[in-house]
Amino acid sequence: MGLKQDSWIREKALKEGMIEPFVEGLATQGVVSYGLSSYGYDIRVSNEFKIFTNINATVVDPKHFDSANVVDFVGDVCIVPPNSFALARTIEYFKIPRNVLAICLGKSTYARCGIIVNVTPFEPEFEGHITIEISNTTPLPAKIYANEGIAQVLFFEGDEECEVSYKDRSGKYHGQTGITLPKVVK
């Protein structure tokens, strides 16, 4: 399994629709960078956010998530409160090939500000928008800029296709659009 270069990513995106919309080249002027890089793709955060709140004083439970724990926000700049958390989604919609695993890492521009971006792996044959987890680890409010870079995706191609893909096992987040809250299959 090897890390894939920009030419491989470009081909998969343009010919197979792996990333839509696809930005060829890296946009860097006046923005947190996004688009095609040397060995990955820098994804953008949309302008839709779910910001965690303690207004309703409920418990965060991944098995029984209460949507009252979040407040919806749409805008060009999202302010994540101190020591708090927000969910967002990518602008890009992904269709991961059956022999590919993608791993996503937060951008250093945000990390250097105490903003941690967590995204779980994109499994073979996952399809959908990516829900992004954003933690503000600082004691200060933090700005997240919509329509700009938030994380980098690295693509690893296997020597052969997986036996059972995310799609085959009807993964619970397969085909997600928008920001998807945590859920457990019953």
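What follows is calculated from the coordinates using simple rules that are stated; it is not laboratory data. Here the structure is a predicted model, which is why all the values come from computation and not from measurement. No Cβ is skipped: glycine too gets one built from the backbone with ideal geometry, and neighbour counts run over all protein chains shown.
Based on every Cα atom in segment 62-127, Rg and the maximum pairwise Cα distance Dmax equal 14.8, 40 Å.
Sequence-ordered 3J(HN,Hα) estimates for segment 65-78 from the Karplus curve with 6.51, -1.76 and 1.60 and θ = phi - 60° stand at 5, 9, 5, 5, 6, 10, 10, 6, 9, 10, x, 6, 9, 9 Hz, glycine and proline given as x.
By the compact-protein rule of thumb, 2.2 N^0.38 Å, the alpha-carbon radius of gyration of segment 7-68 corresponds to a ratio of 1.70. Going by a ≥ b ≥ c, the root eigenvalues of the Cα gyration tensor, does segment 40-100 fall in the rounded group (a/c under 1.5), the prolate group (a/b larger than b/c) or the oblate group? It is oblate, given that a/c is not under 1.5 and a/b is not larger than b/c. Oblate is the label for segment 57-186, because the ratio a/c of its alpha-carbon gyration tensor axes (a ≥ b ≥ c) is 1.5 or higher and a/b is not greater than b/c.
Phi-derived couplings, Karplus 6.51 cos²θ - 1.76 cosθ + 1.60 at θ = phi - 60°, listed residue by residue for segment 39-53: 10, x, 9, 8, 7, 9, 8, 6, 9, 9, 9, 10, 9, 5, 9 Hz, with x used for Gly and Pro.
Per the Cα gyration tensor, segment 1-132 maps to an equivalent ellipsoid with semi-axes of 29, 18, 13 Å, ordered largest to smallest. Under a 5 Å amide H cut-off, with hydrogens placed 1.01 Å from N, Ala142 pairs with Val80 among residues at least 5 apart or on other chains.
Here Lys172 and Gln29 are evaluated by their C-beta separation; at R0 = 41 Å the FRET efficiency comes out at 0.55.
Backbone phi angles across segment 107-124, fed through the Karplus curve with coefficients 6.51, -1.76 and 1.60 (θ = phi - 60°), yield HN-Hα couplings of 6, 5, 4, 6, 4, 5, 9, x, 9, 9, 10, 10, 9, 7, x, 9, 6, x Hz in residue order; Gly and Pro are listed as x.
Between helix 6-16 and the chain there is an angle of about 90 degrees, using the helix long axis and the longest principal axis of the Cα atoms. Sort out the exposed loop GluC sites (Glu not before Pro) in the chain (DSSP loop, at most 15 other Cβ within 10 Å) and tell me the longest stretch that has none. Answer from the scan: 25-159.
With the helix formula -39500 (n - 2.57) applied to DSSP H stretches of n ≥ 4, the chain reaches a computed 222 nm mean residue ellipticity of -2000 deg cm²/dmol. Over segment 125-186, all Cα pairs binned in 5 Å intervals from 0 give whole-percent P(r) values of 3, 12, 16, 20, 18, 13, 10, 5, 2, 1, listed from short to long.
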